[in-house]
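FYI, it's all coordinate maths here, none of it is from the lab. Given the structure is predicted, the values throughout are model-derived calculations rather than measurements. Because the Cβ atoms are built from the backbone with ideal geometry, glycine has one as well, and the counts that use them run over all protein chains shown.
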Amino acid sequence: MPFINVKLIKDVFDDDQKSEMIQKLTETMVGIEGEAMRQVTWVTVEEVDSGAWGIGGNVLTTQAVKDLQAGGVGS
């Protein structure tokens, strides 16, 4: 029984995007393990507060991720 845990910076993705992630991750696991596993494939989305996540020694913020999504450099 697969358990997929996705951690995201809070307020980067809207509810529709998170729903799409859940659907696509489930479909991926069903494609690997078979249709019978759909009903026991768990996907959770956890949101981490802006500034409570670091990468490469730098604090990651909601705005920095949105800047990256827009093709800019995060701040």
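Observations on the structure shown:
- Of all beta bridges that DSSP places with both ends in the chain, some 30 percent have antiparallel geometry.
- Test item: Cα-centred dipole of the chain, Lys/Arg +1 and Asp/Glu -1 on Cβ, debye: 180
- When the chain is described by a simple charge dipole with +1 on each Lys and Arg Cβ and -1 on each Asp and Glu Cβ, the residue from I22, T41, G57 located farthest towards its positive end is G57.
- Considering helices alone, the calculated mean residue ellipticity of the chain at 222 nm is -11500 deg cm²/dmol, with DSSP H runs of length four and up weighted by -39500 (n - 2.57) and normalised per residue.
- Computed packing ranks the peptides 59-70, 38-49 as 59-70, 38-49, most packed first, by mean other Cβ atoms within 10 Å.
- Each Cα pair under 8 Å and six or more residues apart adds its separation to the average, and for the chain the resulting relative contact order is 36 percent.
- The alpha-carbon positions of the chain define a convex hull whose volume is 110 Å³ per residue.
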